[in-house]
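S.K.: Got a structure here, written out as structure tokens. Questions coming.
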Protein chains: 2
Amino acid sequence: MISDRQLRILKAIINDFIDTAQPVGSRTISKKYPLGISSATIRNEMADLEELGYLQQPHTSAGRIPSDLGYRLYVDSLINPHSISVEEKELIQSLLLHKIIEATDVANQASELIANFTHLVSIVTIPQFNKCKLANLKMMKITDAKVLLILVTNTGVVKSLQLALTNTDQFILDKISDTLLNSLIGETIENIDVRSILKMKEKLQGFGNIVDYLIPILRDALKGLNETELYLKGEENLLTISEFNDSDKARQLFNFFKSEESLLELLKTVDPNRISIKIGSEIGIDVLEACSIITSSYKVDGKSDGKILVIGPKRMDYGNVISIVNYISNTLSELFSGINL
Amino acid sequence: MISDRQLRILKAIINDFIDTAQPVGSRTISKKYPLGISSATIRNEMADLEELGYLQQPHTSAGRIPSDLGYRLYVDSLINPHSISVEEKELIQSLLLHKIIEATDVANQASELIANFTHLVSIVTIPQFNKCKLANLKMMKITDAKVLLILVTNTGVVKSLQLALTNTDQFILDKISDTLLNSLIGETIENIDVRSILKMKEKLQGFGNIVDYLIPILRDALKGLNETELYLKGEENLLTISEFNDSDKARQLFNFFKSEESLLELLKTVDPNRISIKIGSEIGIDVLEACSIITSSYKVDGKSDGKILVIGPKRMDYGNVISIVNYISNTLSELFSGINL
DNA sequence: GTTAGCACTCACATATCACGAGTGCTAATC
DNA sequence: GATTAGCACTCGTGATATGTGAGTGCTAAC
């Protein structure tokens, strides 16, 4: 087992390393942290902590740095609780709750906010639109060949889709829109299948051929809605992180972030039920060996749906990141559940 | 004056430098380029070219690199004409002309395309929406407190704006939308002022108080439309460019790109009438001293409006970039003028 | 159990050196 | 007179040696 004093020393070492990015020596600890013990004693404890696997030495005559196991212990029991300031909360509220209407904009803005507050890389996905219920629907003529289909969910999320529909008239589009809305309102988007559209064809006797033409287009358009979209922000922050300012490391990470498949794969591993932290090798991805990932999710109508992910070096300010992720995920949950709309 | 042979040598040197990023020596030129003269002769000519200011020597015993003046001569008269392949054209067409409907998406996609094709940094701005004519308009209820105003221009560009409007009914919104559209159709967005909205108030006698409430909201929403929006893509490409893989240089550029004001300032200098190239010091911005910028613009309804900007190292493949920028700007001009819609 | 003291280690910074790519100049050649 | 071969010279780069110091582990004293 690990003693109380060892824990305090470990915490001091990790805090110092998070600050300085340099291997921490025993003298540094004894001078900077008021533990009331000499550097020699700390040296002994450090040797023990290394044997236990919580620390490691880059080379014989260097100080210690935390191992993944050390970080694990740290995040599980040692991080300083943090809470974000009122000003930050107000900024988040004002940016997320006002002036934004499309789900994509919300996710985009949220991701930007997280990246700016943490100075790390952030990913936010938008909730699976097709699990929401339809609340409003309109078709608008755009040009002679294009029609815009606009869908609004009961959670206040807007999606617009382009349909290739020639020779239509706005009057007819309005009629069809109204009929469609009346038959489909309250239905979840994913349940809007050809069957339910066909049913409504009867009600539109006068417009038979347009409806025939519309059905497959509508079906294809709705199918496209269940792709996961993700919003990645703050890549540029990687450049200011000493771990990655070897431009090769940075490039590797940039390339990883460029590949949407890799990111989707990574997103699949997010535990939707709680904030979770993965450290270095725990992530299981070579490129991210030097990183830690903090994940969370937010709920739409009580069901967990959208995901939040922050990627940074292992020596990140976990307390701070957690509090920000937490606050944003709560805000998004409220937002998409319509509480604040 | 500069002789024909000197021109050929200068061209060879710049081409080689663009390839290798290394100072070019006389022997390299004599071996790689079939100019039919010996390295000694080339050496003499290079000394002359340096005296004329077209070349410079990083240090005494190194080869030559082009000066800004050398690049200037090169882009003015020596670049190899390039034309993009049919496959590339098709890719651009298919990505820009299909599935996209909002102006923001078009600019976003175009910028992404340019960045991918050139492996450089690209900026595309969207046309001043408020100079276009209104073609369609609808208001949609989203939640009890929010209404979505959707505007469509005669060029097929869609903009949606959120209005804070409580206690409305979709039926009333439809009525108001129709009346608004009827009075405003064909009007340029910037001409839709309070006066014209007021005029239409008469026609909506039954909805007096809602209209009163709506007018200031509408005015504010329309005011927000003339902000320049810009889409920056390809920053990550900077990392693979040897000029910037000193992570400090890269960071400086990333910071520059982060600052929207700097970029808007830069965009102001774009000559709307033709493709233009600025090299290094010609740009007049310290951070971009090592860069060249290629700018162009595209037209909406015959008036030049949107801007395109490519930023890269001085030793970029000018011919290639020009052809891509050219093609994209033409495609966007067509797109926003509705020819292909 | 704690701490002072000391020999030891090793990354990092600095100085030194050899190499070679590239130059300018001169003299021979076409 | 233009071109080219030849050669001494320059100087950045990369390799090698050297010194410094932060930090360690261990021992012995407290």
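S.K.: Suppose the filter is closer than 30 Å to A:Phe129 by Cβ, open to solvent by 40 Å² or more (accessible area, probe 1.4 Å), small (Gly, Ala, Ser) and free of Cβ contacts under 8 Å to residues at least 40 places away in the same chain; does A:Gly284 pass it? Write out each step before concluding.
M.R.: Details: closer than 30 Å to A:Phe129 by Cβ: yes; open to solvent by 40 Å² or more (accessible area, probe 1.4 Å): yes; small (Gly, Ala, Ser): yes; free of Cβ contacts under 8 Å to residues at least 40 places away in the same chain: yes.
Yes: the conditions hold for A:Gly284.
S.K.: If you take the residues in the stretch A:109-131 that are under 14 Å from A:Ile308 (Cβ atoms) and modelled with pLDDT under 90, which one is surrounded by the fewest Cβ atoms within 10 Å (Cβ to Cβ)? Outline the logic, then answer.
M.R.: Just the residues of the stretch A:109-131 that are under 14 Å from A:Ile308 (Cβ atoms), to begin with: A:109-115, A:117-118, A:120-127.
Now restrict to residues that are modelled with pLDDT under 90: A:126-127.
Numbers: A:Ile126: 25, A:Pro127: 28.
Across the stretch A:109-131, the extreme among qualifying residues is A:Ile126.
S.K.: Can I ask one more? Applying the selection to the stretch A:243-276, what residues are open to solvent by 50 Å² or more (accessible area, probe 1.4 Å), under 20 Å from A:Ile114 (Cα atoms) and within 13 Å of chain B (Cβ to nearest Cβ)?
M.R.: Selection gives A:Lys258, A:Glu260.
S.K.: Before we move on, is A:Lys141 touching a strand residue (DSSP E or B) at 6+ places or on another chain (Cβ under 9 Å), over 30 Å from B:Leu335 (Cβ atoms) and touching a residue at least 12 places away in the same chain (Cβ under 8 Å)?
M.R.: Values: touching a strand residue (DSSP E or B) at 6+ places or on another chain (Cβ under 9 Å): yes; over 30 Å from B:Leu335 (Cβ atoms): no; touching a residue at least 12 places away in the same chain (Cβ under 8 Å): yes.
It is false that A:Lys141 is touching a strand residue (DSSP E or B) at 6+ places or on another chain (Cβ under 9 Å), over 30 Å from B:Leu335 (Cβ atoms) and touching a residue at least 12 places away in the same chain (Cβ under 8 Å).
S.K.: Being in a loop (DSSP other than H, G, I, E, B) and either closer than 22 Å to B:Val75 by Cα or among the aromatic types (Phe, Trp, Tyr) (or both) narrows it down to one residue among B:Val270, B:Val325, B:Val310; which is it?
M.R.: None of the other options fit; the residue is B:Val270.
S.K.: Hey, another quick one. For the stretch B:51-73, indicate whether the set of residues that are modelled with pLDDT of 90 or more, closer than 30 Å to A:Leu148 by Cα and away from DNA strand D (no atom under 16 Å from the Cβ) is non-empty.
M.R.: Within the stretch B:51-73 (the criterion being modelled with pLDDT of 90 or more, closer than 30 Å to A:Leu148 by Cα and away from DNA strand D (no atom under 16 Å from the Cβ)), the answer is no, since none of the residues qualifies.
S.K.: Just a yes or no: is a residue in the stretch B:5-17 at pLDDT 95 or above and among the small types (Gly, Ala, Ser)?
M.R.: yes
S.K.: Out of B:Leu239, B:Leu232, B:Leu225, I need the residue that is within 14 Å of chain A (Cβ to nearest Cβ) and assigned to a strand (DSSP E or B). Which one? Steps first, answer last, please.
M.R.: Working: B:Leu239 fails: assigned to a strand (DSSP E or B); B:Leu225 fails: assigned to a strand (DSSP E or B).
The unique qualifying residue is B:Leu232.
S.K.: Return the only residue of A:Thr295, A:Thr269 being under 17 Å from the mean Cα position of the chain (by Cα), at pLDDT 90 or above and within 23 Å of A:Cys132 (Cβ to Cβ).
M.R.: After ruling out the rest, the residue left standing is A:Thr295.
S.K.: Give the residues of the stretch A:28-50 that are within 9 Å of DNA strand D (Cβ to nearest atom) and free of Cβ contacts under 8 Å to residues at least 24 places away in the same chain, sorted by residue number.
M.R.: The answer is A:Ile29, A:Ser39, A:Ala40, A:Arg43, A:Asn44, A:Ala47, A:Glu50.
S.K.: Sticking with this structure for a sec: If you check B:Glu45 against the conditions, is it crowded, with 16+ Cβ neighbours inside 10 Å, assigned to a helix (DSSP H, G or I) and outside the structural domain of B:Thr240 (by TED's automatic domain parsing)? Explain how you work it out, then say what you get.
M.R.: Working: crowded, with 16+ Cβ neighbours inside 10 Å: yes; assigned to a helix (DSSP H, G or I): yes; outside the structural domain of B:Thr240 (by TED's automatic domain parsing): yes.
In short, yes.
S.K.: Can you tell me which residues in the stretch A:23-63 are near DNA strand C (Cβ under 10 Å from one of its atoms) and within 38 Å of the chain's Cα centre (by Cα)?
M.R.: A:Pro23, A:Gln57, A:Pro58, A:His59, A:Ala62
S.K.: Take the stretch B:49-102 and flag every residue that is touching a strand residue (DSSP E or B) at 6+ places or on another chain (Cβ under 8 Å), of a type outside the set (S, T, N, Q) and closer than 19 Å to B:Lys278 by Cβ. Spell out the reasoning first.
M.R.: Just the residues of the stretch B:49-102 that are touching a strand residue (DSSP E or B) at 6+ places or on another chain (Cβ under 8 Å), to begin with: B:49-50, B:54-58, B:63-68, B:70-72, B:74-75, B:99-102.
Next, only the ones that are of a type outside the set (S, T, N, Q) stay: B:49-50, B:54-55, B:58, B:63-66, B:68, B:70-72, B:74-75, B:99-102.
Scanning the stretch B:49-102 gives B:Tyr54, B:Ile65, B:Pro66, B:Asp68, B:Gly70, B:Tyr71, B:Arg72, B:Tyr74, B:Val75.
S.K.: Go through the stretch A:158-214 residue by residue and tally those that are hydrophobic (A, V, I, L, M, F, W, C), under 24 Å from A:Gln128 (Cβ atoms) and in contact (Cβ under 8 Å) with a residue 24 or more places away in the chain.
M.R.: Qualifying residue count for the region: 10.
S.K.: Here is a follow-up. Can you name every residue in the stretch A:19-30 that is buried (at least 20 other Cβ atoms within 10 Å of the Cβ) and assigned to a helix (DSSP H, G or I)?
M.R.: A:Ser26, A:Ile29, A:Ser30
S.K.: Taking B:Lys314, is it open to solvent by 50 Å² or more (accessible area, probe 1.4 Å), basic (Lys, Arg) and not assigned by TED's automatic domain parsing to the domain that holds B:Ile13? It would help to see each step written out before you state the result.
M.R.: On the way: open to solvent by 50 Å² or more (accessible area, probe 1.4 Å): no; basic (Lys, Arg): yes; not assigned by TED's automatic domain parsing to the domain that holds B:Ile13: yes.
No.
S.K.: Right, here's the next one. Do we have A:Thr331 as open to solvent by less than 10 Å² (accessible area, probe 1.4 Å), more than 14 Å from every other protein chain (Cβ to nearest Cβ) and of a type outside the set (Phe, Trp, Tyr) here? Don't jump to the end; show me each part of the working.
M.R.: Values: open to solvent by less than 10 Å² (accessible area, probe 1.4 Å): yes; more than 14 Å from every other protein chain (Cβ to nearest Cβ): yes; of a type outside the set (Phe, Trp, Tyr): yes.
Answer is yes for this residue.
S.K.: Could you check, for the stretch B:90-99, whether at least one of its residues is farther than 30 Å from B:Val152 by Cα, touching a helix residue (DSSP H, G or I) at 6+ places or on another chain (Cβ under 6 Å) and touching a residue at least 12 places away in the same chain (Cβ under 8 Å)? Even if it seems obvious, please write down each step before you answer.
M.R.: Applying the first criterion (farther than 30 Å from B:Val152 by Cα) to the stretch B:90-99 yields none.
No, the conditions are met nowhere in the stretch B:90-99.
S.K.: Here's another thing I want to ask about it. If B:Tyr231 passes every condition in (1) within 30 Å of B:Ile176 (Cβ to Cβ); (2) open to solvent by 20 Å² or more (accessible area, probe 1.4 Å) but one, which one does it miss?
M.R.: Of the numbered conditions (1) within 30 Å of B:Ile176 (Cβ to Cβ); (2) open to solvent by 20 Å² or more (accessible area, probe 1.4 Å), the odd one out for B:Tyr231 is (1).
S.K.: Now a separate question. Criterion first (part of a strand (DSSP E or B), more than 10 Å from chain B (Cβ to nearest Cβ) and under 23 Å from the mean Cα position of the chain (by Cα)) does A:Ile114 satisfy it?
M.R.: Details: part of a strand (DSSP E or B): no; more than 10 Å from chain B (Cβ to nearest Cβ): yes; under 23 Å from the mean Cα position of the chain (by Cα): yes.
The answer is no for A:Ile114.
S.K.: Looking at this structure, is A:Leu78 touching a helix residue (DSSP H, G or I) at 6+ places or on another chain (Cβ under 7 Å) and within 14 Å of DNA strand D (Cβ to nearest atom)? Spell out the reasoning first.
M.R.: Working: touching a helix residue (DSSP H, G or I) at 6+ places or on another chain (Cβ under 7 Å): yes; within 14 Å of DNA strand D (Cβ to nearest atom): no.
No: the conditions fail for A:Leu78.
S.K.: Please work out which residue is modelled with the highest pLDDT, limiting yourself to the stretch B:298-311 and to residues that are among the charged types (D, E, K, R) and open to solvent by 40 Å² or more (accessible area, probe 1.4 Å). Even if it seems obvious, please write down each step before you answer.
M.R.: Of the stretch B:298-311, the ones among the charged types (D, E, K, R) are B:299, B:301, B:303, B:305, B:307.
If we keep only those that are open to solvent by 40 Å² or more (accessible area, probe 1.4 Å) too, we end up with B:299, B:301, B:303, B:307.
Details: B:Lys299: 87, B:Asp301: 73, B:Lys303: 76, B:Lys307: 95.
In this case the residue turns out to be B:Lys307.
The values are calculated or read from the model by the stated rules, or taken from the named source; none is laboratory data. Just so it is clear, the model here is predicted, and its values are computed rather than measured. Neighbour counts run over all protein chains shown; Cβ positions are idealised from the backbone, glycine included. SASA here: full protein model, heavy atoms, side chains in, ligands and nucleic acids out. Shrake-Rupley method; radii C 1.70, N 1.55, O 1.52, S 1.80 Å.
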